Amino acid sequence: MRKEAIGIFDSGVGGTSIWKELHELLPYEDTIYLADSKNAPYGPKGRGPIRALSKKNTAYLLKRRCKLIIVACNTATTNAIHYLRNHYDVPFIGIEPAIKPAALKTKTNSVGLLATKGTLSSALFHKTANLYSSTINIIEQVGEGIVPLIENGQLHSKEMKALLNTYLQPMLNANIDHLVLGCTHYPYLIPILRTLLPKTIKIIDSGEAVAKQTKAVLEKHQLINPSTKVSKHQFYTNGAADVMQTLIGSKYKAEYLNF
Ligand code: DGL
């Protein structure tokens with residue numbers, strides 16, 4: 001089992017931002033990445049459909065004998081991870097908005113959070129947010145439209161810049177000093193966000209924490225791959241392979257798969 005791949009899925013190409021952190025920390029682990037781009041965005045769908053899609057993605061990764069699954073999607077984690085853990089034996093790693101580090105570090109007591117509707121309305125997110133909302137002001141914003149633009153290859157478009165400007169304004173008015181990116185597509189926005197935000201505002205995402213947690217869980221279950229050979233990485237999408245290819249770079253190949 002130790003030599004089997006780590007499975008990763010997201011509603012689309014965003015989770016490749018998590019894959020990058022994972023590969024940096026665990027270079028000898030093989031991976032299989034699934035982008036369910038055909039069904040993106042998950043954010044507006046509601047809990048039932050998000051669970052069903054998460055189950056479908058998991059079933060494919062288990063068919064490929066993955067030893068651990070990373071739900072590289074805040075929306076799928078907050079709506080489906082308990083369900084997945086109750087239904088399958090394999091260890092699951094999830095991702096949630098990094099409210100805690102922002103809450104601990106803020107000096108203005110004001111933190112911005114950009115996430116999907118599905119994440120912001122989930123019970124799991126509310127549980128975390130409630131731990132901090134008595135001491136800090138969390139300016140929540142649904143990033144409506146951002147995921148579809150990224151999935152359509154329009155990351156660096158005028159529309160994207162205009163959307164971000166609109167979404168950031170209430171946060172700037174509330175004097176935030178941290179912006180939490182609560183969706184795995186959003187780390188790809190960092191270069192644009194840096195041009196729109198004052199330098200003093202820190203941008204936080206959860207990628208590194210997920211990679212560290214994955215390593216700890218693999219160690220706990222004695223599932224670390226003992227190999228020191230070059231690892232193998234398969235990237236599948238049921239949407240546009242060229243969009244995924246741009247994000248993962250030329251060293252790896254994005255392939256179309258009907259799953
Ligand atoms: N990358 C997903 C997340 O982290 C995007 C969800 C969506 O498709 O709306 O939430």
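Read the figures in this text as sums done on the coordinates, not as results from a lab. The shown structure was predicted, so the numbers you read here are calculated from the model rather than taken from an experiment. Note that each Cβ is placed from the backbone with ideal geometry, even for glycine, and that neighbours are counted across all protein chains shown.
Just give me the residues in the range 20-57 being more than 14 Å from the chain's Cα centre (by Cα), outside any helix (DSSP H, G or I) and within 24 Å of Ser250 (Cβ to Cβ), in sequence order. Matches in the range 20-57: Leu26, Pro27, Tyr28, Glu29, Asp30, Thr31, Ile32.
Against the test of being touching a strand residue (DSSP E or B) at 6+ places or on another chain (Cβ under 8 Å), farther than 19 Å from Val147 by Cβ and either of a type outside the set (A, V, I, L, M, F, W, C) or crowded, with 24+ Cβ neighbours inside 10 Å (or both), the options Lys127, Lys100, Lys105 yield a single qualifying residue, Lys105. Note on the range 74-91: residues that are under 26 Å from Ile204 (Cα atoms), away from the ligand (no atom under 15 Å from the Cβ) and either free of Cβ contacts under 8 Å to residues at least 60 places away in the same chain or among the small types (Gly, Ala, Ser) (or both) total 1.
Among residues of the range 78-101 being in a helix (DSSP H, G or I) and of a type in the set (A, V, I, L, M, F, W, C), the one that is nearest to Asn130 (Cα to Cα) is Ile99. Within the range 216-231, the residues that satisfy the criterion of being surrounded by fewer than 11 Cβ atoms within 10 Å (Cβ to Cβ) and either of a type in the set (Val, Ile, Thr) or touching a residue at least 24 places away in the same chain (Cβ under 8 Å) (or both) are Gln222, Pro226, Thr228, Lys229, Val230.
Restricting Ile69, Ile18 to those that are away from the ligand (no atom under 12 Å from the Cβ), touching a residue at least 12 places away in the same chain (Cβ under 8 Å) and at negative phi reduces the list to Ile69. Condition (residue is touching a Ser or Thr at 6+ places or on another chain (Cβ under 6 Å) and over 20 Å from Lys20 (Cβ atoms)) applied to the range 151-162: is it met by at least one residue? Scanning the range 151-162 turns up no residue that is touching a Ser or Thr at 6+ places or on another chain (Cβ under 6 Å) and over 20 Å from Lys20 (Cβ atoms).
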